[in-house]
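What follows draws every value from the coordinates through simple rules; no lab data is involved. Everything quoted here is computed from the prediction, not taken from an experiment. Neighbour counts run over all protein chains shown; Cβ positions are idealised from the backbone, glycine included.
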Amino acid sequence: MTTRVIINCAMSADGKIALRTRKQTKISNEADRKRVHQLRNKCDAILVGIETVLTDDPKLTVNSKYVKKPRQPVRIVLDSKGRTPKDAFVLDGAARTIIVTNESCKRVFANAETIRCGKRKTDLRKLMELLEGRGIRSVLIEGGSEVIWSFLESRIADEVRIFVGSIVIGGERAPTPAGGEGAANERSVVALRLKSLRALGNGILIRYEVVK
Ligand SMILES: NC(=O)c1ccc[n+]([C@@H]2O[C@H](COP(=O)([O-])OP(=O)(O)OC[C@H]3O[C@@H](n4cnc5c(N)ncnc54)[C@H](OP(=O)(O)O)[C@@H]3O)[C@@H](O)[C@H]2O)c1
């Protein structure tokens, strides 16, 4: 696969990515926000799962506060059943959007192209081939938890970048960077190779390569 897949997320010092209600909370700092917008601008696409759209309603655009002339990568939502709300920011026309539904979903979306891929959830390997065919050479996975696990478990992800913010969220139910089913045995655990570690404002940025 030639398309590079980078996972990026922000977690608390105790390894949570949102509140126990799954609502977003501020984990990043200004230096990290700048880094993320610059990283988005370098990628051809930004991808999230439908639950992230439903809970956070992210814009997934590059803010001109951080990048002078934003390229606005394609926004991609994995949304098998076509649940993206009509008034979601991803459908505001501010950047190109692709909604990925399953083969039986009939919904069409204003301001978005639809790719129908997979019988139930998105068939990620097939999706990557389709994206490659559209000239997409780099995809930034911005969450949430279930989507990140799918890209790691399938070993489609090449790199993981985690910003560790200096807060504690706590609780057993708060989501962690990789949710979904998780590994059931040692063989299914995803190995990472540490590439770099640096302080970023009051937090830490960790970069790993996925061992394949
Ligand atoms: N701190 C951060 O950096 C950060 C970033 C983003 C999100 N978040 C947090 O993450 C949480 C949302 O994460 P989540 O785990 O609930 O949901 P999610 O990963 O955003 O979305 C998961 C959904 O995507 C759809 N999907 C379709 N194909 C899939 C596939 N092959 N693999 C996985 N998912 C697929 C499924 O819904 P269908 O079956 O309906 O298609 C699935 O339930 C929120 O609390 C949000 O605030 C945090």
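Could you list, in sequence order, all residues of region 113-126 that are within 14 Å of the ligand (Cβ to nearest atom) and either closer than 26 Å to Thr61 by Cβ or surrounded by 15 or more Cβ atoms within 10 Å (Cβ to Cβ) (or both)?
Filtering region 113-126 down to residues within 14 Å of the ligand (Cβ to nearest atom) leaves 114-126.
The answer is Thr114, Ile115, Arg116, Cys117, Gly118, Lys121, Thr122, Asp123, Leu124.
Cβ-Cβ below 9 Å, separation at least six or inter-chain, first residue in region 45-65 and at negative phi, second more than 15 Å from the ligand (Cβ to nearest atom) and in a helix (DSSP H, G or I): which pairs?
So the pair list comes out as Val62/Gln38; Val62/Asn41; Lys65/Lys34.
Quick check on my filter: what residues within region 193-212 are in contact (Cβ under 8 Å) with a residue 60 or more places away in the chain and assigned to a strand (DSSP E or B)?
Keep residues of region 193-212 that are in contact (Cβ under 8 Å) with a residue 60 or more places away in the chain, which gives 200-203, 205.
Within region 193-212, Leu200, Gly203, Leu205 qualify.
Only one of Ala88, Ala110, Ala94 is farther than 15 Å from Ile141 by Cα and crowded, with 19+ Cβ neighbours inside 10 Å; which? Before you say what the answer is, go through the steps one by one.
Details: Ala110 fails: crowded, with 19+ Cβ neighbours inside 10 Å; Ala94 fails: crowded, with 19+ Cβ neighbours inside 10 Å.
The match here is Ala88.
Anything in region 127-161 that is more than 20 Å from His37 (Cβ to Cβ), more than 11 Å from the ligand (Cβ to nearest atom) and under 12 Å from the mean Cα position of the chain (by Cα)? List them, or say none.
Hit for region 127-161 is Ala157, nothing else.
Can you say whether Gln72 is away from the ligand (no atom under 13 Å from the Cβ), closer than 17 Å to Leu91 by Cα and surrounded by fewer than 17 Cβ atoms within 10 Å (Cβ to Cβ), as far as the supplied structure shows?
Working: away from the ligand (no atom under 13 Å from the Cβ): yes; closer than 17 Å to Leu91 by Cα: yes; surrounded by fewer than 17 Cβ atoms within 10 Å (Cβ to Cβ): yes.
So Gln72 passes the test.
Which one is surrounded by the fewest Cβ atoms within 10 Å (Cβ to Cβ), of the residues in region 16-54 that are within 11 Å of the ligand (Cβ to nearest atom) and among the small types (Gly, Ala, Ser)?
Checked region 16-54; the qualifying residue surrounded by the fewest Cβ atoms within 10 Å (Cβ to Cβ) is Ser28.
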